[in-house]
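Peer 1: Here you go, one structure.
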Amino acid sequence: EISTFANTKIAKLSQGMSQKVKIAIAILHDPQFIIFDEPTNGLDVVASRIVREYLLEMKAAGKCIILSTHLFDLAEKVCDKVVMIHNGKVIADDKLSTLTANKNLEDAFYDIYTAENKEVM
């Protein structure tokens with residue numbers, strides 16, 4: 001969906017279109033390893049879903065994807081392993097299935113966070 005903006009400077013694009021261009025640039029050379037930092041930031045629902053589906057296609061093709069996100073639902077749909085970092089400290093590092101044995105990822109994070117910070121709360 002970016003071809004119509006081929007002759008537009010990135011600085012003049014909306015946040016969503018700029019994000020699409022950045023993703024296109026990152027995957028243009030078909031990398032084996034890719035790091036995404038909030039890849040759906042600024043995207044509408046349709047574009048976010050397209051990005052998520054593409055991440056799943058890359059995963060199925062055996063690519064290594066490192067995803068930095070605060071969107072727990074995106075991580076649950078894409079990730080096999082999760083590392084949770086709070087205030088620069090790793091508070092969890094495990095398989096998604098282990099962390100979410102009887103709960104969703106957001107609840108797992110909250111439980112781990114409150115256990116780590118019980119004296120503060």
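Peer 1: Would you mind telling me which numbered condition in (1) basic (Lys, Arg); (2) under 15 Å from the mean Cα position of the chain (by Cα); (3) open to solvent by 70 Å² or more (accessible area, probe 1.4 Å) LYS12 fails?
Peer 2: (2)
Peer 1: Cβ-Cβ distance below 7 Å, separation of 6 or more or different chains: which pairs start in the stretch 19-36 with a residue that is modelled with pLDDT under 90 and end on one that is open to solvent by 30 Å² or more (accessible area, probe 1.4 Å)?
Peer 2: What qualifies is GLN19/ASN41; GLN19/GLY42; LYS20/GLU1; LYS20/ILE2; VAL21/ILE2; VAL21/ILE10; ALA24/ILE2.
Peer 1: Give the residues of the stretch 8-44 that are assigned to a strand (DSSP E or B), hydrophobic (A, V, I, L, M, F, W, C) and out of contact with any helix residue (DSSP H, G or I) (no Cβ under 7 Å at 6 or more places or on another chain), sorted by residue number.
Peer 2: Of all residues in the stretch 8-44, those assigned to a strand (DSSP E or B) come to 33-37.
Next, only the ones that are hydrophobic (A, V, I, L, M, F, W, C) stay: 33-36.
Scanning the stretch 8-44 gives PHE33, ILE35, PHE36.
Peer 1: Within the stretch 87-98, does at least one residue satisfy the condition of being open to solvent by 40 Å² or more (accessible area, probe 1.4 Å) and closer than 30 Å to VAL21 by Cβ?
Peer 2: Within the stretch 87-98, none of the residues are open to solvent by 40 Å² or more (accessible area, probe 1.4 Å) and closer than 30 Å to VAL21 by Cβ.
Peer 1: Quick test of your reading of the structure: PHE36 fulfils all but one of (1) open to solvent by 80 Å² or more (accessible area, probe 1.4 Å); (2) among the hydrophobic types (A, V, I, L, M, F, W, C); (3) in contact with a strand residue (DSSP E or B) (Cβ under 7 Å, 6 or more places away or on another chain). Name the failing condition by number.
Peer 2: (1)
Peer 1: Right, next: So is LYS118 open to solvent by 60 Å² or more (accessible area, probe 1.4 Å) and either assigned to a helix (DSSP H, G or I) or of a type outside the set (Val, Ile, Thr) (or both) or not?
Peer 2: Values: open to solvent by 60 Å² or more (accessible area, probe 1.4 Å): yes; either assigned to a helix (DSSP H, G or I) or of a type outside the set (Val, Ile, Thr) (or both): yes.
In short, yes.
Peer 1: Within the group LEU67, LEU56, which residue is part of a helix (DSSP H, G or I), open to solvent by less than 90 Å² (accessible area, probe 1.4 Å) and in contact (Cβ under 8 Å) with a residue 12 or more places away in the chain? Please lay out each step first, then the result.
Peer 2: Working: LEU67 fails: part of a helix (DSSP H, G or I).
Residue meeting the stated conditions: LEU56.
The values are calculated or read from the model by the stated rules, or taken from the named source; none is laboratory data. Because the structure is a prediction, the values reported are computed rather than measured. Cβ sites come from the backbone with ideal geometry, for glycine too, and all protein chains shown count toward neighbours. Only protein heavy atoms, including side chains, enter the accessible area calculation; ligands, DNA and RNA are left aside. Shrake-Rupley method; radii C 1.70, N 1.55, O 1.52, S 1.80 Å.
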